[in-house]
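All remarks here apply to the structure that follows.
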Amino acid sequence: MTITLNSKIPAGSINDKWNNYKEDAKLVAPGNKRKFKVIVVGSGLAGASAAATMAELGYQVDVFTFHDSPRRAHSIAAQGGINAAKNYQGDGDSVHRLFYDTIKGGDFRAREANVHRLAEVSVNIIDQMVAQGVPFAREYGGMLDNRSFGGAQVSRTFYARGQTGQQLLLGAYQQLARQIGLGNVRMFNRTELVDVVTIEGRCAGIVTRDLVNGEVVSHSAHAVVMATGGYGNVFFLSTNAMACNVTAAWRAHRKGATFANPCYTQIHPTCIPQSDPTQSKLTLMSESLRNDGRVWVPQNPDETRPASQVPEAERDYILERLYPSYGNLAPRDISSRAAKRSVDSGRGVGPLKNGVYLDFSDAINRLGKDVVEERYGNLFEMYERIAGENPYDMPMRIYPASHYTMGGLWVDYELMTNIPGLYAAGEANFSDHGANRLGASALMQGLADGYFVLPYTIGNYLAPMLNKPIPGTDHPAFKEAELAAQARYQGYVDIKGTRSPDYFHREVGRIIWDYCGMERTQQGLEKALSELPALYEEFQKDLRVTGDAESMNQTLEKAGRVDDFFQLGMLMCRDALEREESCGGHFRAEYQTEEGEALRDDEKFAHVAAWEWTGDSTKSIRHKEELNFEAIHLATRSYK
Amino acid sequence: MSNHLKNLKLKIWRQSGPTEKGHFEEYVMPEISDEASFLEMLDVLNEGLIGENKLPVVFDHDCREGICGTCSLMINGQAHGPERSTATCQLHMRKFKSGDEIVIEPWRAAAFPIIKDLMVDRSAFDRIIESGGFISANTGGAPDANLIPIPKSVADAAMDSAECIGCGACVAACPNGAANLFTAAKISHLNLLPQGQAERYKRTEAMVETMDEYFGSCTNHGECEAACPKEISIDVIALMNKDYRKSKLKNRKEISRS
Ligand SMILES: Cc1cc2nc3c(=O)[nH]c(=O)nc-3n(C[C@H](O)[C@H](O)[C@H](O)COP(=O)(O)OP(=O)(O)OC[C@H]3O[C@@H](n4cnc5c(N)ncnc54)[C@H](O)[C@@H]3O)c2cc1C
Ligand code: SF4
Ligand code: FES
């Protein structure tokens, strides 16, 4: 297969591209939409919104999720908020400013045209969600309230207490449920995609495994949308839900879809530090806390007094000192590295000295406890439940953790991968956040893709297929994929080794975290690339899955997912090794300024790296999509 | 590490399939740390079972942050265990004493059939939402979000109800297996908002009747409220009942008019 990466950016000025596209796109007449079957894999914000909207338009839609209900997708866990360029606060926000902030936040490694469209439709998202009954926070006058998030100097973040993702997902889920009730969507719960099928160069459908009885089944369609989320769980410990995994995107990759920028992963600065070796995941404390919390560590590495007794003069407010104009709201990658350096220098706090303080005592003095409780009450409770300490009296302890993945399936302006008919939306694609995502922009992107982009762009692909037959599931390519999937899952059971999938997952996670985490070096990445294949070989020989492949078997599910994490992990390290610059979440220690900031190399690396599968991820082929900046000048990212 | 280590005895419900007969099995859980969560304790148990070439205990979970509503364990006869307003996944072992015996069962309700061990099928909740738990607002063409001001108190009350995570503890705790708290929470979220008025009575009628199709009926025990990890107030049931009664009048009036 020869790979062509045509980004299909429409002509015109940046302000006109999306309108120009919509005016030129081919349409499917309302009465003909029923003749098209679209598969949506994933029912998070991106999947649920895309499926509901396409069903409203009249397409036949089948939706798949491994969850027991579409309402459980990982989007539910987002806390802080969603951005939109509404300028309700009159503080100088605009579509252009959101566009600029997103490109800059992404360290100039995203495609301008996509990002501008995202900023444009952001305003429609808020209107749509309010019409659906999402109970966003309000001011006393009844108008919508906003707050600010890292990387922005305006207040453009809409929120629903500390449960914005929950409320948005329930909104999208309810809209999807309505279409299910009307018979326009067929919903497949507890069903996992295990392969993608291509016939004559186009995506013809998918193969799934029923998690309850192990049955492997094919589904054919005119188009397939992957809205399957991110791969942050490759690190084992992350803020992602336990079941988040890369299998769907990875299986598409193995069938020819290029995987873009896998090394762009985001480490979130404010998570509760690990407290115990049995720990299974890390809990995020919303970034919104940095609006009122101040990050500090003691000056003295041997400090033993409780936080409240450390005098002001002996505290180092690291972010305020290093980045005076953004202070505690510096972007995530920058804040995370500042915390890491404090801990590495021995000034960490807590019993394991593995965190930094996030202190609310000033805010409580200034605003009163009631106001602080109103803003963050449920987050404080959550912290107390996990850490066993009360943040009204003692500062929180926080430390960075894997949180979000900017890399993902390569897509063009229409959100189509390089396989015709296969689309990717939400966190599963790579498109809008460059090398670093700003807070509150993932929810925005998922809903933009699902509500306002895909429903337009998919018609442009489907229209010429009207009344042309598509291959059914009796096609040999489907049968072959089914057999391969059955063999794969039976294979895990048959190894009968000694170690569980979780054991291997922890081990891969440790290697990736140590060498491809917050700070990367050539030497470390080369080490990872020698350790990972050896461990992968051990996995293939020594895995133990008890039980069988014909019934509910959570160990078996996990085995398949860990297998794909191994392959992805190797590709991440290669991507990180070949990108000889630092940008956003990708920090190569060899490429930094004297002050320790990321040093980009625009001459050599102002491009997207899109990897082609060759049968072994240590031998994948790197393709480039050059990024052209027309509306924005490439500049050094500064938050000082 | 200053963690206390505890030794526990676990009695866990094992059932290999929906129609199979289930039974309790006993396990000894040595040296579990205070810092571990309840589900991490089960992870440790399961790793041990795999080590002994046995089948691990199947249980539902995902976010482990108390928000997705997937976890669902009856712990010593209490839905989500002993800590108030806490989902199973947020419960930590510091709440237990060394030597404790802990009985772990699945949600037990006619409408939630067991799939395996501690995992149940809660899709009847989806049926209730599909029947009317939404505001019909097709994508596109929504008016500006600030066009209709919503008093803060109304938005807050709607949000209080909207916090329901759909876990099913209310049903599991109810001696009748009723889903009134879950259904009423959604009805009150949508019926309180100006955007929800157009379909208010149609929604209420459809959802209540779907609920009655799958679940037992409410006899005001109040166990649901006590079990709810999100502290959904039982008052929402009164609102639902009131709107349901009105719906019968309203909807009939509309039918006779058309
Ligand atoms: C703790 C936390 C807090 C966050 N807070 C914020 C925030 O405040 N603001 C913000 O903008 N962003 C936030 N984010 C990021 C944001 O929540 C996610 O990026 C976003 O919700 C992803 O949505 P999605 O629809 O792309 O994927 P998901 O919501 O992850 O959905 C993926 C779907 O795909 C399905 N799926 C996956 N693989 C398969 C398969 N093989 N077969 C079948 N189904 C499959 C899953 O079942 C699920 O339905 C946060 C993330 C975390 C972890
Ligand atoms: S009302 Fe409470 S107990 Fe019932 S499903 Fe909702 S959150 Fe769970
Ligand atoms: S696992 Fe999500 S609420 Fe418990």
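With the cut-off at 49 Å, report for chain A the share of all Cα pairs above it, as a whole percent. When every Cα pair of chain A is considered, 8 percent fall beyond 49 Å. Each Lys and Arg adds +1 at its Cβ and each Asp and Glu adds -1 at its Cβ; summed about the Cα centre, chain B shows a dipole of about 1160 debye. Could you give me the percent of Cα pairs per 5 Å distance bin for segment A:1-143, shortest bin first, beginning at zero and ending with the bin that holds the maximum distance? Per 5 Å bin, starting at 0, the Cα pair percentages come out as 2, 8, 11, 15, 18, 19, 16, 8, 3, 1, 0, 0. Entry comment: accessible area of segment A:8-131 is 29 Å² per residue, from protein heavy atoms only and a probe of 1.4 Å. Within 10 Å of the Cβ of each residue in A:495-505, the mean number of Cβ atoms contributed by other protein chains is 2.
A simple count of charges around A:P395, restricted to other residues whose Cβ falls under 10 Å of its Cβ and scoring Lys, Arg +1 and Asp, Glu -1, yields -1. The antiparallel fraction among DSSP beta bridges confined to chain B stands at about 75%.
Helical runs (DSSP H, four residues minimum) scored at -39500 (n - 2.57) apiece and divided by the length of chain A put the mean residue ellipticity at 222 nm at -11000 deg cm²/dmol. Ordering A:V123, A:V225 by accessible surface, largest first, gives A:V123, A:V225; the 1.4 Å probe counts only protein heavy atoms, with every chain in place. Find the sum over both chains of the accessible area lost when A and B are paired, probe 1.4 Å, and report it in Å² to the nearest 100. What A and B bury together is about 6400 Å².
In segment A:107-190, inverting the average of 1/r over every pair of distinct C-alpha atoms gives 15.3 Å as the Kirkwood radius.
Highest average first, the peptides A:103-115, A:389-401 ordered by how many other beta carbon atoms sit within 10 Å of their residues are A:103-115, A:389-401.
Listed as lacking a disulfide-compatible partner in chain B: B:C164, B:C167, B:C174, B:C218, B:C228, by the criterion of no other cysteine Cβ under 4.7 Å. What's the carbon and sulfur percent of the protein assembly as shown's accessible surface, probe 1.4 angstrom, rounded to a whole number? It is 49 percent, rounded to a whole number. The calculated FRET efficiency for A:N365 paired with B:K246, based on their beta-carbon distance and R0 = 30 Å, is about 0.05.
A cut-off under 14 angstrom between Cβ atoms defines the neighbours of B:E213, and their net charge, with Lys, Arg +1 and Asp, Glu -1, is -4. Evaluated with a Cβ-only charge set (Lys, Arg +1; Asp, Glu -1), the protein assembly as shown carries a dipole of roughly 1940 debye about its Cα centre, given to the nearest 20.
The DSSP beta bridges internal to the protein assembly as shown are antiparallel in roughly 70% of cases.
Solvent-accessible surface (1.4 Å probe) assigned to B:H23 amounts to roughly 90 Å². Along the axis of the charge dipole computed for the protein assembly as shown (Cβ charges of +1 for Lys and Arg, -1 for Asp and Glu, origin at the Cα centre), the listed residues B:I148, B:G69, A:F380 are led at the positive end by B:I148. How much FRET efficiency would the formula 1/(1 + (r/R0)^6) give for A:K624 and B:T219, where r is the Cβ-Cβ distance and R0 is 60 Å, rounded to 0.05? Efficiency, from the Cβ-Cβ distance: 0.30. Working from the alpha-carbon coordinates of segment B:122-257, get Rg over Rh, Rh being the Kirkwood radius. Reported Rg/Rh, Kirkwood definition of Rh: 0.98. Can you give the accessible area of B:S16 in Å² (nearest 10), computed on protein heavy atoms with a 1.4 Å probe? Roughly 80 Å² of B:S16 is accessible to a 1.4 Å probe.
All C-alpha pair distances within segment A:540-579, sorted into 10 Å bins from zero, spread as 26, 38, 22, 12, 2 percent across the bins.
For segment A:92-105, the Karplus equation 6.51 cos²θ - 1.76 cosθ + 1.60, evaluated at θ = phi - 60°, returns couplings of x, 7, 6, 4, 4, 5, 5, 4, 4, 4, 5, 5, 5, x Hz by residue, with Gly and Pro reported as x. With all pairs of different C-alpha atoms in the average, the Kirkwood value for the hydrodynamic radius of segment A:476-606 is 16.6 Å.
Annotation: extensible slack from A:I3 through A:E550 equals 193.1 nm (criterion: 0.36 nm per residue apart, minus Cα-Cα distance).
Across segment A:239-252, coupling constants 3J(HN,Hα) worked out from phi with the 6.51/-1.76/1.60 Karplus curve, θ = phi - 60°, read 8, 6, 5, 4, 8, 4, 7, 9, 3, 4, 5, 5, 5, 5 Hz, and Gly and Pro carry x.
The accessible area of A:C516, taken with all protein chains in place and a 1.4 Å probe, comes to roughly 0 Å². If the chain linking A:Q522 and A:S325 were pulled fully straight, counting 0.36 nm for each residue of separation and taking away their Cα-Cα distance, it would gain 67.6 nm. Subtracting the Cα-Cα distance of A:L27 and A:M143 from 0.36 nm times their residue separation leaves 38.0 nm of extension gain. For the set A:V608, A:V95, the ranking by accessible area, highest first and with no ligand, DNA or RNA atoms included, is A:V95, A:V608 under a 1.4 Å probe. Per residue, the convex hull spanned by the Cα atoms of segment A:267-402 amounts to 105 cubic angstrom. For segment A:321-352, the residues whose amide N sits under 14 Å from a probe point set 7 Å from the Cα of A:Q592 along the beta carbon direction are A:333-346. I want the local charge near A:G459. Using Cβ-Cβ distances under 9 Å, sum +1 for each Lys or Arg and -1 for each Asp or Glu among the other residues. Cβ neighbours under 9 Å give a net charge of +2.
Label zone of B:D235 (point 7 Å out along Cα→Cβ, amide N under 12 Å): in segment A:338-378 this covers no residue at all.
What the Cβ-Cβ distance of A:L599 and A:T498 gives, at R0 = 51 Å and to the nearest 0.05, is a FRET efficiency of 0.65. Here, segment A:104-151 yields an orientationally averaged convex hull projection of 4.5 nm² when only Cα atoms define the hull.
One equal scatterer on each Cα of segment B:4-116, no solvent, Debye formula: the resulting log10 I(q)/I(0) at q = 0.10, 0.18 Å⁻¹ is -0.28, -0.95. Net charge dipole, segment B:1-103: roughly 320 debye, given to the nearest 20, about the Cα centre with Cβ charges of +1 for Lys and Arg and -1 for Asp and Glu. Sorted largest first, the principal axis extents computed over the alpha-carbon atoms of chain B equal 69, 42, 36 Å. These residues, A:S402, A:S361, go from largest to smallest accessible area, 1.4 Å probe, as A:S361, A:S402.
Considering only A:L568, B:P30, A:S342, and ranking their Cα positions along the charge dipole of the protein assembly as shown that arises from unit charges at the beta-carbon of Lys, Arg, Asp and Glu, the one farthest toward the positive end is A:L568.
The values are calculated or read from the model by the stated rules, or taken from the named source; none is laboratory data. Not measured: the values here are computed from a predicted model. Cβ atoms come from the backbone with ideal geometry, glycine included; neighbour counts cover every protein chain shown. For the accessible areas, the whole protein counts, side chains as well, though only heavy atoms, and no ligand, DNA or RNA atoms are used. Shrake-Rupley method; radii C 1.70, N 1.55, O 1.52, S 1.80 Å.
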